[in-house]
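**Student:** First, the structure itself, so that you have it in front of you.
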Amino acid sequence: MCLAPPIVEKRTQTMSNPISQRIFLLLFSIALVFVQGCAPPQDVQAATQRTRSIPVTVIAAQERPFEERITLQGSLLPKEYAMVSPMVDGIVTDVYVEEGDRVVANETKLVQIEKIALTQAYDIACQDQAVAEHACRDAEAQVIAAQVQYDKAKIDYERFVRLREQQAITPDAMEQMEAGFKVAEAQLNRAKTAVALRKEQQKQAAAAVIIARKRLDDSLVISPMDGWITMKTIKRGEFASVGRAILRIADTSVLEVSAFLPGEYYPRIRTGETRMRIQVSGIDVGTLPITYKSPEIMAQLRTFEVKALIESPPEGVVPGAMAQIETVLQSRDSLGVPHDVTQIRDGKTVVFVVENGLARQIEIHTGLTTAGWTEVLGDALAPGTPVISRGYNLVNDGDPVDVQEEAK
């Protein structure tokens, strides 16, 4: 009975040493494995799958508009403009307009040239015409006088002929009468010729008046069209010559946008059908049909010109501005996916979709790309198919995925 206490104390020390601790941990681990082994197998599999699933987001394949287009720059030009030059040579005596002035066709005075000199020339031509008219009337009076002389000479001549037949006059008297008759006849013919000459001179003088009047009218340059003065190269007192432009007038109410396309697109551009989307300084001008296509490709640059008409352009769209142009070669609505989700794997273009919680690799054939979306040709995808839009580069075919949020 006296030995019992020491035995109890020894057992307590045994439980506290390291060997006993290891034994206790081993037994606890075996018990834990046993408990987990008793859990249902599907719960363990689900927990494992949740641990291995790759988080992704998806976006639905959608019907969208797709375009093939060429982006380029062009220039705005006035549809109608005029380089105005004088129709007579001379010193500019008056300039009625300045750059930026609005002008009206057949009304606005632009420039006056040599008004005094040309006015005097017109007055002289009118006087010459009056002289020619009087000279013509004088010649006609001469004809009347010559006709009277001729008629008298003819009567005398016929009487002398009869007297000569009767041997009542000498041969010399007969010859003198015959000569006088011929002179009267010649004078009549000369008077008639003078009338014809004076009439021609009268016509010439009339023509000179018309020319002088036209030169005087042409000396005042009138605007040939509605528009604005965009250039002036002449001042008062300077010499202006025929054929040298002194003013430029532009009608800014109707513009043309001009651009040059690579020659390879020439067969695909159709006047009235192919359209251009135009912006000028951030202003949306609209989508307009091509109204002009050059009949040739420039040999040096291998480009050709196209134009589109801009009627009633908006404020700020003026000649000389640069235009940002998208020439639309073809346009259609088709199924598409975001361009970034397409990948090249094993030499094939693929996307990944979600089917029953798994990533599935789908090979696709692509078409046009517009606004960050790529056209999918054929029936590899259907509208609404959930396509992985984030995490697509982390998955392989058959990998479990966890859809976090559907992209919009």
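**Student:** Can you pull out every residue in the range 97-149 that is acidic (Asp, Glu) and either in contact with a Leu (Cβ under 7 Å, 6 or more places away or on another chain) or farther than 30 Å from residue 231 by Cβ (or both)?
**Tutor:** Narrowing the range 97-149 to residues acidic (Asp, Glu): 98-99, 101, 107, 114, 123, 128, 133, 138, 140.
Passing the criteria: 123, 128, 133, 138, 140.
**Student:** Please indicate, with yes or no, whether at least one residue in the range 279-290 is surrounded by fewer than 17 Cβ atoms within 10 Å (Cβ to Cβ) and in a loop (DSSP other than H, G, I, E, B).
**Tutor:** Scanning the range 279-290, I find at least one residue that is surrounded by fewer than 17 Cβ atoms within 10 Å (Cβ to Cβ) and in a loop (DSSP other than H, G, I, E, B), so the answer is yes.
**Student:** Now a separate question. Test residue 117 against the criterion of being modelled with pLDDT of 95 or more, of a type outside the set (Ser, Thr, Tyr) and surrounded by 15 or more Cβ atoms within 10 Å (Cβ to Cβ), and give yes or no. Talk me through it step by step, then tell me what you get.
**Tutor:** Working: modelled with pLDDT of 95 or more: no; of a type outside the set (Ser, Thr, Tyr): yes; surrounded by 15 or more Cβ atoms within 10 Å (Cβ to Cβ): yes.
It is false that residue 117 is modelled with pLDDT of 95 or more, of a type outside the set (Ser, Thr, Tyr) and surrounded by 15 or more Cβ atoms within 10 Å (Cβ to Cβ).
**Student:** Now, a different point. Looking at 198, 164, can you tell me which residue is in a helix (DSSP H, G or I), surrounded by 14 or more Cβ atoms within 10 Å (Cβ to Cβ) and in contact (Cβ under 8 Å) with a residue 60 or more places away in the chain? Don't jump to the end; show me each part of the working.
**Tutor:** Details: 164 fails: in contact (Cβ under 8 Å) with a residue 60 or more places away in the chain.
Result of the check over 198, 164: 198.
**Student:** Continuing with the same structure: Would you please name the residue that is farthest from the chain's Cα centre (by Cα), looking only at residues in the range 86-100 that are within 30 Å of residue 311 (Cα to Cα) and either in the same structural domain as residue 311 (by TED's automatic domain parsing) or surrounded by fewer than 17 Cβ atoms within 10 Å (Cβ to Cβ) (or both)? Before the answer, list the steps.
**Tutor:** Just the residues of the range 86-100 that are within 30 Å of residue 311 (Cα to Cα), to begin with: 96-100.
Within this subset, residues satisfying the condition of being either in the same structural domain as residue 311 (by TED's automatic domain parsing) or surrounded by fewer than 17 Cβ atoms within 10 Å (Cβ to Cβ) (or both) are 96, 98-100.
Values: 96: 32, 98: 28, 99: 25, 100: 23 Å.
Applying the filter and picking the extreme gives 96.
**Student:** Before we move on, is residue 213 more than 30 Å from residue 150 (Cβ to Cβ), among the charged types (D, E, K, R), assigned by TED's automatic domain parsing to the domain that holds residue 133 and part of a helix (DSSP H, G or I)? Show your work before the answer.
**Tutor:** On the way: more than 30 Å from residue 150 (Cβ to Cβ): yes; among the charged types (D, E, K, R): yes; assigned by TED's automatic domain parsing to the domain that holds residue 133: yes; part of a helix (DSSP H, G or I): yes.
Yes.
**Student:** For the structure I just gave you, tell me whether residue 344 is over 24 Å from residue 329 (Cα atoms), surrounded by 12 or more Cβ atoms within 10 Å (Cβ to Cβ) and of a type in the set (A, V, I, L, M). Even if it seems obvious, please write down each step before you answer.
**Tutor:** On the way: over 24 Å from residue 329 (Cα atoms): yes; surrounded by 12 or more Cβ atoms within 10 Å (Cβ to Cβ): no; of a type in the set (A, V, I, L, M): yes.
When the stated conditions are applied, residue 344 does not pass them.
**Student:** Exactly one condition in (1) modelled with pLDDT of 95 or more; (2) outside any strand (DSSP E or B); (3) among the aliphatic types (A, V, I, L, M) is not met by residue 299; state its number.
**Tutor:** Of everything listed in (1) modelled with pLDDT of 95 or more; (2) outside any strand (DSSP E or B); (3) among the aliphatic types (A, V, I, L, M), residue 299 misses just condition (1).
**Student:** I'm trying to understand the selection: among the residues of the range 210-221, which are surrounded by 18 or more Cβ atoms within 10 Å (Cβ to Cβ) and either more than 37 Å from the chain's Cα centre (by Cα) or of a type in the set (Ser, Thr, Tyr) (or both)?
**Tutor:** Selection gives 212, 215, 216, 219.
**Student:** Taking the range 368-381, which residues are surrounded by 17 or more Cβ atoms within 10 Å (Cβ to Cβ) and either in contact with a Leu (Cβ under 6 Å, 6 or more places away or on another chain) or touching a residue at least 60 places away in the same chain (Cβ under 8 Å) (or both)?
**Tutor:** Within the range 368-381, 368, 370, 373, 375, 376, 381 meet the criteria.
**Student:** Now a separate question. I'd like to know if the range 222-243 contains one or more residues that are farther than 24 Å from residue 298 by Cα, buried (at least 18 other Cβ atoms within 10 Å of the Cβ), out of contact with any Asp or Glu (no Cβ under 8 Å at 6 or more places or on another chain) and touching a residue at least 12 places away in the same chain (Cβ under 8 Å).
**Tutor:** yes
**Student:** Same structure, new question: If I filter the range 382-399 down to residues being under 44 Å from the mean Cα position of the chain (by Cα) and not in a strand (DSSP E or B), which single residue comes out as surrounded by the fewest Cβ atoms within 10 Å (Cβ to Cβ)?
**Tutor:** If we take residues in the range 382-399 being under 44 Å from the mean Cα position of the chain (by Cα) and not in a strand (DSSP E or B), then 383 is surrounded by the fewest Cβ atoms within 10 Å (Cβ to Cβ).
**Student:** Any chance the range 35-50 includes a residue that's β-branched (Val, Ile, Thr), loosely packed, with under 12 Cβ neighbours inside 10 Å and modelled with pLDDT under 95?
**Tutor:** Step one: filter the range 35-50 for residues β-branched (Val, Ile, Thr), giving 35, 44, 48.
Filter again for loosely packed, with under 12 Cβ neighbours inside 10 Å, leaving 35, 48.
The next check asks that each one be modelled with pLDDT under 95; those that pass are 35, 48.
Yes: the range 35-50 contains one or more residues that are β-branched (Val, Ile, Thr), loosely packed, with under 12 Cβ neighbours inside 10 Å and modelled with pLDDT under 95.
The values are calculated or read from the model by the stated rules, or taken from the named source; none is laboratory data. Predicted model, so just to flag it, every value in this text is computed and none were measured. For neighbour counting, all protein chains shown are included, and Cβ atoms are generated from backbone atoms with ideal geometry for every residue, glycine included.
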